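Comments concern the structure below.
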Amino acid sequence: MSKNSCCRGPGYATPLDAMKSGPREKLLYTVTVQPNLDEPHGDYLSTVDVDPESPTYCQIIHRTFTNRKGDELHHSGWNACSSCYYVDENAKSIPKRDRLVLPAINSDFIYILDVVKDPRKPEIIKVIDGDVLKSHNVTGPHTTHCLANGNIMISVMGDAQGNAKGDFILFDSDFNCIGTWTKGEKKALCGYDFWYQPYFDVMVASEWGAPNKYRRGWKSTDLDDMTQYGCRINFYKWSTQTLYQTIDLGTDGITPLEIRFLHDPKRAEGFVGCALNAKVFYFKKKPDSDEFEAKKVIDIPGKLVDTGSGTAEDMGGMISDIIISLDDKFLYVNCWRHGDVRQYDISDPEKPKLTGQLFLGGAICSDLPNIVVKEDKELKERPPARYVKGRRLEGGPQMMQLSLDGKRLYVSTSLYSPWDKQFYPQMVSKGGHICLIDVDTVNGGISLNDNFFVDFANEPYGPGLPHEMRYPGGDCTSDIWLANDA
């Protein structure tokens, strides 16, 4: 903390402070995609009541529509978070967490929502046209993080023509576009997620693929050109905004998506989940060096599956989300295709220990016709379908959000609507859902809460697809902490 720091901004002083002192979540802001591209109300932010004492528990109590077709809202972030907690005495104002940022990865629009006037009914107060990003030769906005200086940074995945490009776009506190962040000639081939650690003067970013590729659905031939699909993690100097190291993770590391440093800002180590082949890599800073090294620490084998064509193909698990508890004790991993959520004890981060596993649907359930699993290196038999409150869980576990105290894990089902339609058409037609997993934070272990279920089947304008979830006061994936002496 700066000697001149006098005031307190949003969030919490440390991750452990958030874990021990943070309130129980009562609202869950859930990005919800409209799969019917002809529906004029478009995508929306669902406000879900998750307060067990409330008469509307487990219900969607408000919907904030974009009223625009073809957006594909995806991830969200804040204008201020715990990285803004310490405020210099000379600062002109104290940051407030009062704006939720919703980038759209298909239209390139960005929606700014006021969540303070009425937290139960967020309101769109500004719309940034997709042409703003294109004017800076970037598209496909994804991850939003606030910066300690009051600016907001959003990662991007493409150039103005939709080819792969890894960069970041900056906005000031009033959401005026400043321009791109990366300086110098060296640029990342692809972009996706990012996390920063000023104490070590570093930011790390991951890669998905070119908007021209992922927007039309998955094709295995996309991997013929690995300049347009990701398999690398990229390290930047925070102070100079320059890319200085790229680690190629190889075939095991294709589509490294969600990337997290540990929450402790004085530990230069973290994890990245590699979707396609279901591997998790651990990365850490080398001793007495600015460079990092990475190694595979979780290897979830693919399953040899015949889906009715008569030809068996390798089905990777599709790890599309990872999340770390605020005490850096547990890592949660989803397998969207295989259908399970896993909990790992990462007390020794180089040797994660599996402590919990739960199947919540997936593509190999025993009741699915025309599915033949030819080889499975983990399971002796196909998992049964799962039902909650009489509803079969369609699709697979996708985005996750952990309560601050680490005891509750919320899980949604939509990955990205073009891919949902390709891999889980039944989930698209019936609507997605949110489940709740109860967590044993002492001994490890996870179990499904059969009393909680949020159903998006009967939405006002047709079944909806829930994706990322946020709490109004910040959470394990929105907030970044700075070392006190950073």
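The values are calculated or read from the model by the stated rules, or taken from the named source; none is laboratory data. For clarity, every value in this text was computed on a predicted model and none was experimentally measured. Here Cβ is always computed from backbone atoms with ideal geometry, including for glycine, and neighbour counts include all displayed protein chains. For the accessible areas, the whole protein counts, side chains as well, though only heavy atoms, and no ligand, DNA or RNA atoms are used. Shrake-Rupley method; radii C 1.70, N 1.55, O 1.52, S 1.80 Å.
Listed here are the strands (runs of 3 or more DSSP E) enclosed by region 305-403 that have at least 1 residues being modelled with pLDDT of 95 or more and in contact with a His (Cβ under 9 Å, 6 or more places away or on another chain): 313-315, 322-324, 353-359. For region 7-37, the tally of residues that are over 28 Å from Tyr461 (Cα atoms), assigned to a loop (DSSP other than H, G, I, E, B) and more than 20 Å from the chain's Cα centre (by Cα) stands at 8.
Output the residue which, of all residues in region 336-387 that are more than 28 Å from Gly308 (Cα to Cα) and among the hydrophobic types (A, V, I, L, M, F, W, C), is least open to solvent (accessible area, probe 1.4 Å). Residue satisfying both the conditions and the ranking: Ile346. The residues of region 166-178 that are outside any loop (DSSP other than H, G, I, E, B), over 30 Å from Leu249 (Cα atoms) and open to solvent by less than 20 Å² (accessible area, probe 1.4 Å) amount to a single one, Phe171.
Residues that are part of a loop (DSSP other than H, G, I, E, B) and not basic (Lys, Arg) within region 272-304 comprise Ala275, Leu276, Asn277, Ala278, Pro287, Asp288, Ser289, Asp290, Glu291, Ile300, Pro301, Gly302, listed in sequence order. Of all the criteria given as (1) assigned to a loop (DSSP other than H, G, I, E, B); (2) within 15 Å of Gln59 (Cβ to Cβ); (3) touching a residue at least 60 places away in the same chain (Cβ under 8 Å), the one not satisfied by Pro466 is (1). Close contacts from region 220-243, counting a first residue that is under 17 Å from Lys279 (Cβ atoms) and a second that is open to solvent by 10 Å² or more (accessible area, probe 1.4 Å) and of a type in the set (Lys, Arg), with Cβ to Cβ under 7 Å and a gap of 6+ residues or different chains, come to Tyr229/Lys213. For beta carbons closer than 7 Å, sequence separation of 6+ or different chains, a first residue in region 7-27 that is among the hydroxyl-bearing types (Ser, Thr, Tyr) and a second that is open to solvent by 50 Å² or more (accessible area, probe 1.4 Å), the qualifying pairs are Tyr12/Ser21. Take Leu393 and tell me if it is of a type in the set (A, V, I, L, M, F, W, C) and either touching an Asp or Glu at 6+ places or on another chain (Cβ under 7 Å) or open to solvent by 40 Å² or more (accessible area, probe 1.4 Å) (or both). So Leu393 does not fit the description; no. Ala457 meets the conditions (1) in contact with a Lys or Arg (Cβ under 7 Å, 6 or more places away or on another chain); (2) open to solvent by less than 10 Å² (accessible area, probe 1.4 Å); (3) farther than 19 Å from Asn334 by Cα in every case but one. The failed one is (2). What's the number of the only condition in (1) surrounded by 21 or more Cβ atoms within 10 Å (Cβ to Cβ); (2) over 18 Å from Leu113 (Cα atoms); (3) without any contact (Cβ under 8 Å) to a residue 60 or more places away in the chain that Gly42 fails to meet? Condition not satisfied by Gly42: (2).
Only strands (runs of 3 or more DSSP E) whose full extent lies in region 182-271 are considered here, and the ones with at least 3 residues that are out of contact with any helix residue (DSSP H, G or I) (no Cβ under 9 Å at 6 or more places or on another chain) and open to solvent by 10 Å² or more (accessible area, probe 1.4 Å) are 242-248.
Among the residues of region 98-109, those identified as in contact with a Pro (Cβ under 9 Å, 6 or more places away or on another chain) and farther than 13 Å from Asp174 by Cα are Pro103, Ala104, Ile105, Asn106, Asp108, Phe109.
For beta carbons closer than 6 Å, sequence separation of 6+ or different chains, a first residue in region 51-78 that is within 16 Å of Leu436 (Cα to Cα) and at pLDDT 95 or above and a second that is among the small types (Gly, Ala, Ser) and open to solvent by 30 Å² or more (accessible area, probe 1.4 Å), there are no qualifying pairs. When you check Leu415 against the structure, is it touching a residue at least 60 places away in the same chain (Cβ under 8 Å), of a type in the set (A, V, I, L, M, F, W, C) and either touching a Leu at 6+ places or on another chain (Cβ under 7 Å) or part of a strand (DSSP E or B) (or both), yes or no? Answer is no for this residue.
State whether one or more residues within region 153-161 are open to solvent by 10 Å² or more (accessible area, probe 1.4 Å) and among the polar types (S, T, N, Q).
Yes, that holds for at least one residue.
Within the group Gly162, Gly150, Gly209, Gly130, which residue is over 26 Å from Asp290 (Cβ atoms), modelled with pLDDT under 95 and of a type outside the set (A, V, I, L, M)? Sole residue among the options that is over 26 Å from Asp290 (Cβ atoms), modelled with pLDDT under 95 and of a type outside the set (A, V, I, L, M): Gly150.
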